[in-house]
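To start, the structure itself, in structure tokens.
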Amino acid sequence: MGTVSPRSVLRYETWTLQPDREPDAEPALYAMQCAVDGETSPTSEDFAEPQNWVLRHCGQNPSHHTYREITTRPWRTWRQT
């Protein structure tokens with residue numbers, strides 16, 4: 001019985017990563033989260049909606065002054081030839 005040697009072929013490729021701005025790309029989405037109680041605004045394509053939520057939330061909770069922006073942005077990759 002002969003000896004079997006494994007063979008591999010390695011191919012290095014260059015990939016590119018960038019925000020997806022194609023016409024069929026998913027929309028960027030925005031939300032805000034209160035850092036005090038963890039409550040989160042509804043997600044929206046329009047940043048004004050989460051911003052308005054923050055203003056209502058801090059009006060109802062005067063000691064809540066710190067918020068986080070949550071952004072979901074589509075990205076795409078492709079192999080360079």
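Those strands (runs of 3 or more DSSP E) of the stretch 3-81 in which at least 1 residues are hydrophobic (A, V, I, L, M, F, W, C) and surrounded by 14 or more Cβ atoms within 10 Å (Cβ to Cβ), considering only elements entirely within it, cover 29-34, 67-72.
Of all residues in the stretch 1-28, those that are over 30 Å from Pro42 (Cβ atoms) have Cβ atoms under 9 Å from Cβ atoms of residues that are open to solvent by less than 100 Å² (accessible area, probe 1.4 Å) and not in a loop (DSSP other than H, G, I, E, B), 6 or more apart or on another chain, in Trp15/Thr77; Trp15/Trp78; Thr16/Arg76; Thr16/Thr77; Thr16/Trp78. Of the residues in the stretch 49-70, at least one is touching a strand residue (DSSP E or B) at 6+ places or on another chain (Cβ under 8 Å), touching a residue at least 40 places away in the same chain (Cβ under 8 Å) and not hydroxyl-bearing (Ser, Thr, Tyr).
The values are calculated or read from the model by the stated rules, or taken from the named source; none is laboratory data. Owing to the predicted nature of the structure, the values given are computational and were not obtained by experimental measurement. Backbone-built Cβ (ideal geometry, glycine too); neighbour counts: all protein chains shown. Quick note on the areas: whole protein, heavy atoms, side chains included, nothing else; ligands and nucleic acids left out. Shrake-Rupley method; radii C 1.70, N 1.55, O 1.52, S 1.80 Å.
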